[in-house]
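Step one of this worksheet: look at the structure below.
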Amino acid sequence: MAAAALKGPLSGSDYLNNKSTEGNQAVRRRVFVQTETGCVLGIELDGSENVHTVKKKLQLSLHVPTEETSLMCGDTVLKNDLSTVRNHSPLLLTRNCLHRSSSTPCLSPSAKDLYQKDQSCPIEVIGCSSHFPVTKQLVNDIVEAMKIGIDPIPVRGGLGGAYFFRGINGENVAIIKPTDEEPFAPNNPKGFVGKALGQPGLKHSVRVGETGFREVAAYLLDYDGFANVPLTALVKVTHPIFNINNDAVNGNNGHQQREQINKIASFQQFIPHDCDASDHGTSSFPVSAVHRIGILDIRILNIDRHAGNLLVRKLDDGGVNRFNRVDLVPIDHGLCLPESLEDPYFEWIHWPQASIPFSEDELQYIANLDPFHDSEMLRVELPMIHEACLRVLVLCTIFLKEAASFGLCLAQVGDMMSREFQGHAEEPSKLELICIEARSLLQISDMTVNYSSENEDEFQFDLEYETLNGDLSRISEDTVSFQKNPCEKYGNISMNYLSKLAETGETKSKSRINATSLGNKISNEQLPMSSSFVTLADMNEEEWLAFLENFQNLLHPAFENYKLGKVGQRLTQSLNSSAKAGDLALKLPFADVLFIVNYGLMRMVLRLNILCIYLYHY
Ligand SMILES: Nc1ncnc2c1ncn2[C@@H]1O[C@H](COP(=O)(O)OP(=O)(O)OP(=O)(O)O)[C@@H](O)[C@H]1O
């Protein structure tokens, strides 16, 4: 299987070994249980602990009702046994069925809730064993500063609650963002409230309270600091500066209780910088920095790479910096790895750097990426991560690997992943169309298996298929050709079907039906489908691997088609608009000439621009 081949010799073995070592430590572990309102209790688990005893402790310490609640670790609802829960796992105590309703009013913690008996170190690092020592050093600096009264400062910008924590000289050391202060979360300090943790958030495919672990995932995936993501970890942190949206806390007794507020938060090293990319000309951005950040954004399907999330550092070269050379630092990865395919936002997509071909080093880095290894690593480091996010990671990494080996540049890969607006409607991206197609092939092969087993007469299949899909049999000459593809015939048919749907404007609704019709086959509680054309989480493991194989087979023909289609489409569109503009008899031949000259000039200017940037940087 293509998917199996992709796994390669590295596939997860390190992490499986790692897992078994963890299994030996299963006797004594520390977990962090967060309630839907954001309160957190750190609990030591010994062998005798189970869900019931943990709930009891929560009830006693946080005074939260625990009837009709479930204890969750990522996708998994913990029954009673806790032996599989790993050390440092964050767990969520949710009211049963809460996630299914977006209209459920959010809970606010009562003053009583805020009194917690867990009074460990003010900042405790959760998980991320591999980077623990460096993070611990930063934490120690902050704790020392807090002891001498140097308090954190709230960050003014952004929609969520964020705080700069400082060192003993007053310098910023880290930015801490509590998960219960994200946009829409119960304790957001900027008025964007109304949901409980675990409900769909600002973006439908990212739940409220789950941007923190995504920030950490981006850091962990950025091997060797390739894209420059600052050190990021999850922490349990206690400080009175944090926000709680509860009047009782601001009353007479409030202050004392605020001292005890524990939160789970993302913790990111502060990077001194001069401005962000929205305040700086993009032409001085190094090609390699743009490429490396782009490569990361594609792997993690970043839906929030706006210019404000790229910090710009002017390089200090002792005054020789005639060319204003700068470095870029990507931040704010809270909206990456969505639970289903989304429309990404890639600020760099129209920057000329993105149209320069990948360098040999970059191609080598991409070739070495192993998405199955990445997924296994994330499962170990971040046990709360949803399988759906990991599938997005696998899919996008395969897409990147194949696109780069085919010879596409960063801008082209990004373009194929981005949706387009046709009038007022959003159309699926090329990537999404390929996925829809790969899922259709799954359905077709299911039909083949069922039919063959019922009739034991394989020759009948073509007949049945034609009957079922009568209108699909008119295959036009220009449809993508699936050479060397075992599913060639059916691939052509359904691709043509999709392009027909697109012509009639039905794509959105049909493809959604298509994507959901296989039903929910794994137990994960899934987010509503409202903003996605394709879900990946509803396939079982076997279907997922078969889907990936189909997906991979469809990629190269789709890349060919994209390259051809792009130029052809633009030519036709421009000719049409010129023709409409005036006197046909005169203008057709003239428009042809004019268009070709214009088009040629535009391409020359673009190439010259790219060449200048290339010469400038190398
Ligand atoms: N690692 C960092 N080093 C230095 N400054 C940072 C870092 N991370 C964030 N900042 C600063 O803090 C501001 C807010 O951070 P960030 O954008 O991550 O928060 P946010 O609440 O998620 O914002 P938004 O709502 O815009 O997504 C940034 O604009 C940036 O100026």
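The values are calculated or read from the model by the stated rules, or taken from the named source; none is laboratory data. Please read all numbers here as calculations on a predicted model, not as lab measurements. In this analysis, Cβ positions are derived from the backbone assuming ideal geometry, glycine residues included, and neighbour counts consider all displayed protein chains.
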> Among the candidates 279, 316, which residue alone is within 15 Å of the ligand (Cβ to nearest atom), among the acidic types (Asp, Glu) and either at pLDDT below 95 or closer than 24 Å to residue 163 by Cα (or both)?
Replying inline: 279
> Across segment 134-149, which residue is farthest from the ligand (Cβ to nearest atom) among those that are free of Cβ contacts under 8 Å to residues at least 24 places away in the same chain and among the aliphatic types (A, V, I, L, M)?
Replying inline: 148
> out of contact with any Leu (no Cβ under 8 Å at 6 or more places or on another chain) and either at pLDDT 95 or above or closer than 20 Å to residue 378 by Cα (or both): does that describe residue 347?
Replying inline: no
>> Exactly one of these conditions fails for residue 343: (1) over 22 Å from residue 231 (Cβ atoms); (2) outside any loop (DSSP other than H, G, I, E, B); (3) not hydrophobic (A, V, I, L, M, F, W, C). Give me its number.
In response: (2)
> Among 337, 369, which is the only one that is at pLDDT 95 or above, touching a Lys or Arg at 6+ places or on another chain (Cβ under 9 Å), hydrophobic (A, V, I, L, M, F, W, C) and within 16 Å of the ligand (Cβ to nearest atom)?
Replying inline: 337
> Taking only pairs six or more apart or across chains, which ones have beta-carbon atoms under 7 Å, a first residue in segment 297-325 that is over 28 Å from residue 206 (Cβ atoms) and surrounded by 14 or more Cβ atoms within 10 Å (Cβ to Cβ), and a second residue that is modelled with pLDDT of 70 or more and among the hydroxyl-bearing types (Ser, Thr, Tyr)?
Replying inline: 325/284
>> Checking the conditions here, which among 387, 342, 347 is within 16 Å of the ligand (Cβ to nearest atom) and under 17 Å from residue 536 (Cβ atoms)?
In response: 342
>> Among the residues of segment 164-187, what is the count of those that are over 14 Å from residue 269 (Cα atoms) and more than 10 Å from the ligand (Cβ to nearest atom)?
In response: 10
>> Filter segment 214-226 down to the residues that are hydrophobic (A, V, I, L, M, F, W, C) and either surrounded by fewer than 23 Cβ atoms within 10 Å (Cβ to Cβ) or at pLDDT below 95 (or both) and list them by number.
In response: 220, 226
> Mind checking whether some residue in segment 150-163 is without any contact (Cβ under 8 Å) to a residue 40 or more places away in the chain, more than 10 Å from the ligand (Cβ to nearest atom) and outside any loop (DSSP other than H, G, I, E, B)?
Replying inline: yes
